[in-house]
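One structure below.
The values are calculated or read from the model by the stated rules, or taken from the named source; none is laboratory data. All values reported here derive from a predicted model rather than from experimental measurement. Cβ atoms come from the backbone with ideal geometry, glycine included; neighbour counts cover every protein chain shown.
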Amino acid sequence: MTPTTNRHPGINLGDMHEEASDACESLVFGFWVFMMSDLIIFALLFATYVVMLGGTAGGPGPHELYEMKSAFLETMLLLASSFTFGMASLALKYDRTKGQLLGWLVITLLLGLAFIGLELRDFHLMASKDGVPSRSGFLSAFYALVSLHGLHVTGACLWMLVLFGQMAVHGLDTGVKTGLLRLGILWHFLDIVWIGIFSVVYLGGLV
Amino acid sequence: MTRHHLSAQQENERSSELRSYVVGYVLALILTLTPFALVAWSDLSNMKLWSVIGICALIQIVVHFRFFLHVSLAKQKREDLHLILFTTLILVIMVGGTLWIILNLYTRIMPSMLP
């Protein structure tokens with residue numbers, strides 16, 4: 001049977017995984033509701049950031065604080081991790097063994113961790129140039145937006161570790177499959193938010 | 001690698017989904033590299049650069065929705081689409097409204113705060 005409709009956002013498991021596929025329809029819809037409300041939080045933090053751009057209070061501004069090279073590296077890492085998560089979803093859907101799935105997930109996790117590491121290094125360098133959240137309204141808005149995204153990525157990495165644990169205990173059962181699908185949606189969503197961050201915050205600030 | 005347990009139909013579906021991820025990744029790369037390269041090396045005016053960055057970002061967001069999140073206007077369940085459209089509506093009202101009101105206030109009483 002060819003699926004003529006998508007039952008939910010993200011990859012659809014289809015009739016090879018009937019039980020998980022049925023469970024996913026409502027679970028993923030609920031998660032999608034959360035994702036969309038999260039999107040509103042991020043969008044309003046973007047609006048706050050733009051409004052506070054002028055509020056540097058004599059402190060350092062975008063040109064002194066941002067580094068194009070590390071923003072570019074972070075972008076590449078996150079984009080690559082989105083692709084590798086896609087490969088993991090394909091392995092989940094079409095492979096009978098867990099090998100490929102685990103391999104792609106581990107690569108994704110490492111890319112995510114490298115992203116967090118680079119971001120922490122950025123924050124550290126900024127702090128050494130007097131770019132701390134309490135310095136100005138501009139910096140408060142910057143840290144609220146960018147570190148909230150960083151926290152989301154950290155949360156997603158933790159979630160992946162928890163899923164590894166569940167996989168070890170229960171194997172690839174319906175609960176784990178639906179969990180992986182929702183984590184995939186979160187992961188791709190965080191990459192979409194990052195498009196906004198590198199465009200508005202980093203590139204917009206460095207122009 | 002051959003997957004013997006897959007029917008021809010499933011094998012087709014698999015390769016079309018794989019193609020979708022690869023196409024999405026390549027498009028996303030192009031749409032990311034263009035604005036980064038322009039900001040790093042070109043001497044376009046600021047206004048032009050901002051427009052290019054904005055347009056590339058909007059297209060890239062659509063690409064991610066379509067190829068990574070598999071959201072498509074034609075095939076999606078109606079509730080999912082309603083949710084996306086409603087969220088977009090809220091975003092436009094709240095973000096647009098915030099920017100309009102606050103920036104308008106800045107030009108009237110606090111010109112120093114204008115970005």
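Okay, here's what the table says:
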item: Qualifying residue in the stretch A:134-155 (condition: in contact (Cβ under 8 Å) with a residue 60 or more places away in the chain and more than 25 Å from A:Asp38 (Cβ to Cβ)); result: yes
item: Wholly enclosed helices (runs of 4 or more DSSP H) of the stretch A:44-133 bearing at least 2 residues surrounded by 21 or more Cβ atoms within 10 Å (Cβ to Cβ); result: A:68-94, A:99-128
item: Meets criteria (surrounded by fewer than 17 Cβ atoms within 10 Å (Cβ to Cβ), more than 10 Å from chain B (Cβ to nearest Cβ), farther than 19 Å from B:Leu69 by Cβ and not basic (Lys, Arg)) for A:Asp15; result: no
item: Members of the stretch A:87-110 that are touching a residue at least 12 places away in the same chain (Cβ under 8 Å) and at the interface with another protein chain (Cβ under 8 Å from one of its Cβ atoms); result: A:Met87, A:Leu90, A:Lys93, A:Tyr94
item: Qualifying residue in the stretch B:59-74 (condition: closer than 30 Å to A:Glu74 by Cα, loosely packed, with under 11 Cβ neighbours inside 10 Å and more than 14 Å from the chain's Cα centre (by Cα)); result: no
item: Number of positions in the stretch A:67-108 that are among the aromatic types (Phe, Trp, Tyr) and under 20 Å from A:His124 (Cβ atoms); result: 1
item: Meets criteria (within 9 Å of chain A (Cβ to nearest Cβ) and exposed (fewer than 12 other Cβ atoms within 10 Å of the Cβ)) for B:Leu114; result: yes
item: Number of positions in the stretch B:85-95 that are more than 7 Å from chain A (Cβ to nearest Cβ) and either surrounded by 12 or more Cβ atoms within 10 Å (Cβ to Cβ) or under 23 Å from A:Ile11 (Cβ atoms) (or both); result: 2
item: Evaluation of B:Val39 against (1) under 30 Å from A:Thr97 (Cβ atoms); (2) buried (at least 19 other Cβ atoms within 10 Å of the Cβ); (3) not acidic (Asp, Glu) (one fails), failing number; result: (1)
item: Selection count, the stretch B:42-90, where residues are part of a helix (DSSP H, G or I) and free of Cβ contacts under 8 Å to residues at least 40 places away in the same chain; result: 32
item: Odd one out for B:Gln9, checked against (1) surrounded by fewer than 16 Cβ atoms within 10 Å (Cβ to Cβ); (2) in contact with a Leu (Cβ under 8 Å, 6 or more places away or on another chain); (3) of a type in the set (S, T, N, Q); result: (2)
item: Unique residue being on the phi > 0 side of the Ramachandran plot and out of contact with any Asp or Glu (no Cβ under 8 Å at 6 or more places or on another chain) when the list is B:His70, B:His5; result: B:His70
item: Residues that are among the β-branched types (Val, Ile, Thr) and closer than 16 Å to A:Asp191 by Cα, drawn from the stretch A:24-64; result: A:Ile40, A:Ile41
item: From the options B:Thr98, B:Thr107, B:Thr34, residue that is of a type in the set (Val, Ile, Thr), facing chain A (nearest Cβ under 10 Å) and part of a helix (DSSP H, G or I); result: B:Thr98
item: The one condition in (1) at pLDDT below 95; (2) surrounded by 22 or more Cβ atoms within 10 Å (Cβ to Cβ); (3) not acidic (Asp, Glu) that A:Phe189 fails to fulfil; result: (1)
item: Residue under evaluation A:Leu27, criteria (1) outside any loop (DSSP other than H, G, I, E, B); (2) surrounded by fewer than 21 Cβ atoms within 10 Å (Cβ to Cβ); (3) within 9 Å of chain B (Cβ to nearest Cβ); (4) in contact (Cβ under 8 Å) with a residue 24 or more places away in the chain, criterion not met; result: (3)
item: Residue tally, condition at pLDDT 95 or above and of a type in the set (Gly, Ala, Ser), over the stretch B:65-97; result: 2
item: Residue ID - surrounded by the most Cβ atoms within 10 Å (Cβ to Cβ), chosen from residues in the stretch A:3-12 that are without any contact (Cβ under 8 Å) to a residue 24 or more places away in the chain and within 22 Å of A:Leu190 (Cα to Cα); result: A:Asn12
